[in-house]
Amino acid sequence: MAADWDAYKPYVRACPLGASAKAPAQLWLLTVFAQPYLDDHPGETAWPNFPRPLLVTADGHCLARLPELFPFDEPRTLSLRYGSSLGGMPGEIRVHVSNPAAGGDYDLPVLRWTPTQHAYIAQNATDEYTKDDMTCRN
């Protein structure tokens, strides 16, 4: 885990994606759960600079990253949907952002599994994010 994650270790969660009764998860969402961190640090007045969530393999290899904190990035909440499995990996990942602010709800760029690159590749840019915002920083 990179040094910028160290301060948040007790609040990091590895959430399995695409697992079923027949097959264990091959993809994990590694993220900091902000609310427990904030509950334990009531004196902080500024929103911390949490590390961005990563989509990783079981051995920690980064396949993509999300530019917003999951499941909650004040005041927004994120939800994930993923498509059918391709070789044990969800073929597509879509992230919807519920935003109570004036700009309203929006979607992050669609991530598609690309076996030849062994990565999830953003299929488009949005008003908020470029394709590069979804790429791992290895």
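Every read-out reported here was derived from the displayed coordinates using simple, explicitly stated rules and does not represent laboratory data. All values derive from a computational prediction rather than experimental measurement. When we count neighbours, we look across all protein chains shown, and the Cβ atoms used for this are built from the backbone with ideal geometry, even at glycine.
What ranking, highest mean first, results for peptides 130-137, 51-58 when packing means the other Cβ atoms within 10 Å averaged over each residue? Numbers along the way, then the final one.
Working: 130-137: 14.9, 51-58: 19.6.
Ranked from most to least packed, the peptides come out as 51-58, 130-137.
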Read-out volume of the Cα convex hull per residue in Å³, derived from the coordinates shown; its label in (1) 123; (2) 91; (3) 200: (1)
Cβ-isolated cysteines (cut-off 4.7 Å), the chain: CYS15
Length gained when the stretch ASN124-GLU74 is fully extended (0.36 nm per residue, less Cα-Cα span): 15.6 nm
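For every other residue with a beta carbon closer than 15 angstrom to the beta carbon of PRO100, add +1 if it is Lys or Arg and -1 if Asp or Glu, then tell me the sum.
My count for the surroundings of PRO100 gives -3.
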Residue among VAL32, HIS118, MET134 farthest towards the positive dipole end of the chain, charges placed on Cβ: HIS118
SER85 versus SER20: modelled label distance in nm, points set 7 Å from Cα along the beta carbon direction: 0.6
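So how strong a dipole does the range 44-125 carry about its Cα centre when Lys and Arg Cβ are +1 and Asp and Glu Cβ are -1, to the nearest 20 debye? Show your work: numbers first, answer last.
Numbers: 6 positive and 8 negative charges, 51 e Å.
Charge dipole of the range 44-125: 240 debye, to the nearest 20.
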Extension gain from ASP6 to HIS41, taking 0.36 nm per residue of separation minus the Cα-Cα distance: 11.0 nm
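So, with +1 on the Cβ of K and R and -1 on the Cβ of D and E, and no other charges, what is the size of the charge dipole of the range 1-58 about its Cα centre, to the nearest 20 debye? Write out the running numbers ahead of the final one.
Working: 4 positive and 5 negative charges, 76 e Å.
In debye, rounded to 20, the range 1-58 gives about 360.
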Check: the chain dipole with +1 on Lys, Arg Cβ and -1 on Asp, Glu Cβ, in debye: 600
Positive-end residue, the range 36-117 charge dipole about Cα centroid, Cβ charges, pick of THR57, LEU69, PRO42: THR57
Separation in nanometres of the label points that stand 7 Å from Cα toward Cβ, at THR135 and TYR106: 2.0
